[in-house]
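Worksheet for the structure shown next.
The values are calculated or read from the model by the stated rules, or taken from the named source; none is laboratory data. These numbers come from a predicted model, not from an experiment. Ideal geometry is used to build each Cβ from the backbone, glycine not excepted, and the neighbour counts take in all protein chains shown. Protein only, heavy atoms only, side chains kept; ligands, DNA and RNA dropped before computing areas. Shrake-Rupley method; radii C 1.70, N 1.55, O 1.52, S 1.80 Å.
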Amino acid sequence: MRPLLRLLAILFAMGLAAPALAQSPSAAEAQVAWRLLDYVAVDYAGAVTNGRVTNPAEYGEMIEFGGQIRARLEALPSHSAKAGLIRDAAALQVSIREKADPSVVGAQAKALAGAVLAAYPSPLAPSTPPNLARGATLYAEQCAACHGATGRADGPGAEGLDPPAIAFADLERARQRSVFGLYQVIDQGLEGTAMASFAHLPAEDRWALAFYVGRFAFTDAEAIEGRRLWENDPSIRVAYPDLAAVTQASPAELAGRIGDTKARALTAYLRRHPEAAVRPQGSTLSLARSRLAESEAAYRRGDRKAATDLALSAYLDGFEPVEPALGARDGALLRRVETAMTDLRVSIGKGAPIQEVADRVARVNALLDTAERALAPQKADNVASFLGAFTILLREGLEALLIVIAMIAFLRKAERPEVLRYVHGGWIAALVAGGATWVAATYLVSISGASRELTEGFGSLLAAVVLVSVGIWMHGKSHADAWQTYIRDKLSKALSQRSAWFLFLLAFVVVYREVFETILFYAAIWSQGGHIGMLAGALTGVLILAVVAWALLAYSKRLPIGRFFSLSSILMAVLSVVLVGKGVAALQEAGWLDVHPLVWIPRLELAGLYPTIEGVLVQVLTIIVLVVGFRRSSPRAAS
């Protein structure tokens, strides 16, 4: 292609790509980096063979693209994975410069492309099956002139193009190219070539084009065989639970798992019939996507209240039900989805530009695609179920255990064994109520996400209020003169029948809150399989909690009572701060409290610290109340 014409083509491509790039700088940079990586993975083999450059022009492009990939990644916003991405991009540049084997460069490029998508997600699939008839019409109107009517790059407009137009019917190239890769090129064009961006087309049209051109290299006969495989081999269907799995897989990657012949047949079928991989209707993640689309539409027409309610429904009714299972599989991904959904509601609440809200919706959808793959049945195994059941029980049980053990030790120190039955009755009743909750959630009713968050939120806040008062009271008694006499003489009067029932209520609330959360997590893990692993994990967790309980009770017996009260008051204070933070976060997720993020505060769930103004403020106020209460209850303040 003559230099002037090539320059005009590039400028034209950049002009058409401008709307897409203006959508979100970070998303655009990540998508361009992915697209360049995909191009390198496919085309590097045409530039280098056996350590020698076979096509200098193509090799020059590989060098250029390697530099652009690194520059694009360096321009991305801060992320924990960013440094690793840049390091891998530098390694890819070195491999290209050293004319490494195409298999090495291809593997590096594909691995880096996958890591980019994991860190900076992009929508991986259309929300509905693409209309291939529409794709055929668009291809004839806008693509066939260069790429040819049958995808052989033999159209009249292909003459003189440098680099030449892509031959979609080239089987070797098609084996390396996923539908998602084709969509990315259609969406943004390809710098340095005559391939312009088609971002001006609706997304569903771009997906239709991607599926349509992705079928040229595979025959109708192969598609017939692919249909037979799809209908008769359940393991293949399980491997492709949704459209995102179909769009991401390249035939070469699939061939590594099921062989080249089957991979070609299955690719031919699914690219002709993408509707075969549509997600099951009625799944909660499908509901989440539907609510997100409705929320974005409401926001575009200026109805912020409806947009807020729909975004909240996407979380509570669409994502909350699978949150326990996802937390057991991939806790980091769970937190990313929660954060993205919170960011969306914040953007809607502050009246952000429409494009910002649209970008937020796109990011949530991309993360939901990732979550759906993480929740695929083949991911379930006994090891994952064991780890999930064990860590959940240990995490949820430890808080309740510390509070109950403190109450039991306290009553033993006070020589009031007759009151112990109220504490034991409280935690036993909580376990029974937890079992009833499991039966109800499994066989009778569906516990909504809002109900779950409200139960956790109000339960945490109630327990926190009680612990603040108990902690302040214990602190005062730990400094009392002649505390041994005080405890024995005064405590019998303080522990009336009413206060004994108060201990029952406290034990019930703190234990049921944790049991409620654990039951929902366990029900989700059980439904995913790996039953033996889950039971083993639960049993291991129970044994460890039992050992911890025994050790704490044994240690408390040896503590002088004043020291015991001092340590117990500190424990109650710390747990109250943790619980009040968790309570506020749960009410925010249920939509009862506003959310104002604090980007400079880390998220530490074990400490109940969530990066919002509301949560941090309430925790700070709780700390102030505790400090004032501790000072006023000390002997000096009393005198």
**Asked** Would you say LEU398 is surrounded by fewer than 17 Cβ atoms within 10 Å (Cβ to Cβ), under 28 Å from TRP526 (Cβ atoms) and touching a residue at least 60 places away in the same chain (Cβ under 8 Å)?
**Response** yes
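Out of ALA314, ALA268, ALA332, I need the residue that is surrounded by fewer than 20 Cβ atoms within 10 Å (Cβ to Cβ) and part of a helix (DSSP H, G or I). Which one?
Numbers: ALA314 fails: surrounded by fewer than 20 Cβ atoms within 10 Å (Cβ to Cβ); ALA268 fails: surrounded by fewer than 20 Cβ atoms within 10 Å (Cβ to Cβ).
Of ALA314, ALA268, ALA332, the one residue that is surrounded by fewer than 20 Cβ atoms within 10 Å (Cβ to Cβ) and part of a helix (DSSP H, G or I) is ALA332.
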**Prompt:** LEU559 fails exactly one of the following numbered conditions: (1) hydrophobic (A, V, I, L, M, F, W, C); (2) at pLDDT below 80; (3) in contact with a helix residue (DSSP H, G or I) (Cβ under 6 Å, 6 or more places away or on another chain); (4) more than 30 Å from VAL383 (Cα to Cα). What is the number of that condition?
**Reply:** (3)
**Asked** Condition test on GLU74, is it closer than 21 Å to LEU190 by Cα and of a type in the set (D, E, K, R)?
**Response** yes
**Message:** Just checking, does the range 272-280 include any residue being modelled with pLDDT of 80 or more, farther than 25 Å from GLU338 by Cα, open to solvent by less than 10 Å² (accessible area, probe 1.4 Å) and out of contact with any Pro (no Cβ under 8 Å at 6 or more places or on another chain)?
**Reply:** no
**Message:** As an exercise: evaluate VAL542 against (1) at pLDDT below 80; (2) part of a helix (DSSP H, G or I); (3) farther than 30 Å from PHE630 by Cβ and give the number of the one condition it does not meet.
**Reply:** (1)
**Prompt:** Counting residues that are out of contact with any Phe, Trp or Tyr (no Cβ under 9 Å at 6 or more places or on another chain) and not aliphatic (A, V, I, L, M), which helices (runs of 4 or more DSSP H) fully inside the range 86-190 reach at least 3?
**Reply:** 102-119, 171-176
**Flag if GLY583 is closer than 22 Å to VAL337 by Cα, modelled with pLDDT of 80 or more and assigned to a helix (DSSP H, G or I)** = no
**Fill in**
Inside the range 358-385, the number of residues satisfying the requirement of being more than 16 Å from the chain's Cα centre (by Cα), at pLDDT 80 or above and open to solvent by 30 Å² or more (accessible area, probe 1.4 Å) is 1
**Given (1) in contact (Cβ under 8 Å) with a residue 60 or more places away in the chain; (2) under 28 Å from HIS273 (Cα atoms); (3) surrounded by fewer than 19 Cβ atoms within 10 Å (Cβ to Cβ), number of the condition VAL185 does not satisfy** = (3)
**Residues within the range 188-210 that are surrounded by 24 or more Cβ atoms within 10 Å (Cβ to Cβ) and on the phi > 0 side of the Ramachandran plot, tallied** = 1
**Asked** With LEU209, LEU138 as the choices, which residue is of a type outside the set (Phe, Trp, Tyr), under 27 Å from GLY46 (Cα atoms) and at pLDDT 85 or above?
**Response** LEU209
**Message:** Given (1) over 17 Å from GLY106 (Cβ atoms); (2) open to solvent by less than 10 Å² (accessible area, probe 1.4 Å); (3) among the hydrophobic types (A, V, I, L, M, F, W, C); (4) modelled with pLDDT under 85, identify the lone condition not met by ALA33.
**Reply:** (1)
**Fill in**
Output for Cβ contacts, cut-off 6 Å, separation at least six or different chains, first residue open to solvent by less than 60 Å² (accessible area, probe 1.4 Å) in the range 141-168, second acidic (Asp, Glu) and assigned to a loop (DSSP other than H, G, I, E, B), reads GLY148/ASP154
**Request:** Go through the range 238-253 and give me each residue that's open to solvent by 10 Å² or more (accessible area, probe 1.4 Å) and within 11 Å of ARG175 (Cβ to Cβ).
**Result:** ALA252, GLU253
**Asked** For the range 36-82, which residues satisfy the criterion of being in a loop (DSSP other than H, G, I, E, B), under 24 Å from the mean Cα position of the chain (by Cα) and surrounded by 13 or more Cβ atoms within 10 Å (Cβ to Cβ)?
**Response** ALA75, LEU76, HIS79, ALA81
